[in-house]
Amino acid sequence: MSNSKQSTSKSLPGFDTNPSNIMPAKLSQSSKIKFRCHPKVSCFTACCGNINIILTPYDILRIRKALNMDADEFLLRFTTPTFLEKTDMPGVKLHLDSEGRCPFVTDKGCTIYESRPTTCRYYPVGMSFFHESSDEGSTQEEFYFLVKEPHCKGHEEDQEMTIREWRKDQGIDESDEMNREWMELVMRRKSFGPQATLSEPAQKMFFMVSTNLDKFKNFIFNSTFLDIYEIDNATLDEIKNDDIALMKFSNKYLASSLFGTQDLKIKEEKIMAKAAKLKVSQAEAEEKAKETYQELLRDRDKLKKQIEKEKNSKK
Ligand code: SF4
Ligand code: SF4
């Protein structure tokens with residue numbers, strides 16, 4: 001097994017990669033790359049250490065299902081909390097061993113190959129994904145690029161394929177489809193820039209929903225969640241029994257709670273109760289303002305009288 005100490009550039013599509021290893025060409029799905037990775041390359045598994053592999057909710061779900069593990073145990077054994085790059089959104093990355101190696105790598109390769117994370121599927125292809133929101137709507141742009149690191153010998157192999165074929169070969173289409181809504185949330189947040197910060201409760205909620213679907217399910221069925229949101233029985237049935245449906249629902253919940261979208265409907269009576277509460281606090285605030293005004297008037301009159309008294313005493 002190679003023990004490269006170089007830091008490799010596996011990263012989530014749309015996230016920063018070491019620029020010095022990026023080939024300066026914008027690629028499309030039809031662009032061809034010359035690359036092949038297989039167990040006989042001299043660098044086999046060199047890219048599975050000293051890496052920063054952020055896990056999407058779908059990555060976590062897929063890997064822990066393959067390992068037959070619940071979310072708590074998987075998170076504890078195989079992940080480390082981190083912030084999703086250049087955002088204040090907390091997430092998790094793969095926890096490396098004491099030698100900086102991925103916990104799933106062996107001499108024979110990746111032990112979770114069929115369920116490997118999205119970033120491992122992309123490598124050595126990167127994708128740039130821009131999302132910009134403005135009053136006129138939102139714009140998106142994506143393109144691909146090739147990451148060429150000195151230790152990666154796959155670029156010296158003869159095989160040629162288009163990015164489209166690479167995506168199909170690596171199962172990226174399916175991963176992207178499953179990650180899409182969550183990635184859009186992260187990109188949307190990222191587009192607000194560092195001046196907009198998430199409150200601590202919002203960060204905690206984002207972390208719980210994005211990393212631990214078991215806890216999110218418990219939160220739905222064992223808290224006041226269902227008193228607040230209007231969820232039909234068919235959806236409830238689905239999210240109770242199907243983790244993919246639960247994950248998709250979690251993205252809708254995040255979108256509506258973080259960005260105020262209409263993905264989830266709040267119960268009418270809750271809106272009325274909130275409006276009534278606001279009305280009461282508004283009325284209280286008005287009352288308080290009136291009292292303060294009257295106090296100011298009284299103070300002003302007192303002061304006036306005092307000044308006049310002083311004037312008269314000097315005459
Ligand atoms: S998950 Fe598999 S492919 Fe990805 S770094 Fe670990 S061993 Fe390598
Ligand atoms: S060829 Fe590249 S991707 Fe394949 S094992 Fe070597 S370093 Fe990793």
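Readers should treat all values here as calculations from the given coordinates under stated rules, not as data from a laboratory. Owing to the predicted nature of the structure, the values given are computational and were not obtained by experimental measurement. All Cβ positions, glycine included, derive from the backbone under ideal geometry; neighbour counts span all protein chains shown.
Brief remarks follow.
- In order along the range 138-143, the phi-based Karplus estimate (6.51 cos²θ - 1.76 cosθ + 1.60, θ = phi - 60°) of 3J(HN,Hα) comes to 10, 10, 9, 9, 9, 8 Hz; Gly and Pro are listed as x.
- A simple rule links phi to the HN-Hα coupling: the Karplus curve 6.51 cos²θ - 1.76 cosθ + 1.60 with θ = phi - 60°, which for the range 110-125 gives 7, 7, 10, 3, 5, 10, 4, x, 4, 4, 5, 5, 5, 3, x, 9 Hz, with x for Gly and Pro.
- Converting the Cα gyration tensor eigenvalues of the range 102-194 into ellipsoid dimensions via √(5λ) gives semi-axes, longest first, of 29, 16, 13 Å.
- Nearest 10 degrees, 0 to 90: helix 268-314 Cα axis against the chain principal axis: 40 degrees
- Close amide H pairs (under 5 Å, H built 1.01 Å from N) link VAL92 with LEU55, THR82, residues at least 5 positions away or on another chain.
- Amide H contacts of LEU27: TYR144, PHE145, each under 5 Å away and 5 or more positions distant or on a separate chain (H built 1.01 Å from N in the peptide plane; Pro and chain starts excluded).
- Relative contact order %, the chain, counting alpha carbon pairs below 8 Å whose residues are six or more apart: 21 percent
- Net charge, TRP166 excluded, C-beta distance under 10 Å - Lys, Arg +1, Asp, Glu -1: +3
- Qualifying aspartates and glutamates (Cα of each under 16 Å from Cα of LYS190; at least 8 residues distant if same chain): ASP16, GLU85, ASP88, GLU132, GLU141, GLU142, GLU181
- Residue list for the range 203-238, given a label point 7 angstrom along the Cα-to-Cβ vector of ILE244 and an amide N cut-off under 16 Å: 238
- Distribution of pairwise C-alpha distances over the range 139-239, 5 Å bins, in %: 2, 8, 11, 16, 14, 13, 12, 10, 6, 4, 3, 1, 0
- Kirkwood-based shape ratio for the range 31-126, expressed as Rg/Rh from alpha carbons: 0.97
- With N the number of residues in the range 19-191, Rg(Cα) / (2.2 N^0.38 Å) evaluates to 1.07.
- Relative contact order (%) - the range 61-106, alpha-carbon pairs under 8 angstrom, separation at least six: 24 percent
- Taken one residue at a time, the phi angles of the range 28-35 give Karplus couplings (6.51, -1.76, 1.60, θ = phi - 60°) of 10, 5, 8, 5, 9, 10, 10, 6 Hz. Gly and Pro are set to x.
- Relative contact order (percent, whole number), the range 212-266, Cα cutoff 8 Å, 6+ residue spacing: 36 percent
- In the range 212-266, Rg over Rh equals 0.92, where Rg is the alpha-carbon radius of gyration and Rh the Kirkwood radius from pairwise Cα distances.
- Take the Cα of ASP158, step 7 Å toward its Cβ, do the same at LYS304, and the gap between the two points is 10.2 nm.
- Packing-based ranking, highest mean first, of 304-314, 51-61 given that Cβ atoms within 10 Å are counted: 51-61, 304-314
- Over 23 Å between alpha carbons, listed pairs LYS240/LYS265; LYS215/LYS248; LYS148/LYS168; LYS93/LYS248; LYS93/LYS153; LYS86/LYS153: LYS93/LYS153; LYS86/LYS153
- For the pair TYR229 and SER313, label points projected 7 Å from Cα toward Cβ lie 7.0 nm apart.
- With the simple spin-label model, which puts each label point 7 Å out from Cα in the Cβ direction, the LYS108 to GLU268 separation comes to 6.2 nm.
- Using alpha-carbon coordinates, inclination of helix 57-66 to the longest axis of the chain, degrees: 50 degrees
- Largest to smallest principal axis extent of the C-alpha atoms in the range 268-315, angstrom: 71, 6, 5
- Cα coordinate range in the range 214-315, projected on the principal axes (Å, largest first): 92, 23, 21
- Packing here is the average count of other Cβ atoms within 10 Å per residue, and on that basis the peptides 191-203, 80-92, highest first, run 80-92, 191-203.
- Compared with the dominant principal axis of the Cα atoms in the chain, helix 172-191 is inclined by about 30°.
- Using the Cβ of LEU185 as centre and a radius below 12 Å, the other residues enclosed give a net charge of +2, where K and R count +1 and D and E count -1.
- Averaging over all projection directions, the Cα-based convex hull of the chain occupies 26.4 nm² in the image plane.
- Sequence-distant residues sharing a close amide H with ILE266 (under 5 Å, placed H): GLU230
- Rg over Rh, two decimals, the range 240-294 (C-alpha only, Kirkwood Rh): 1.32
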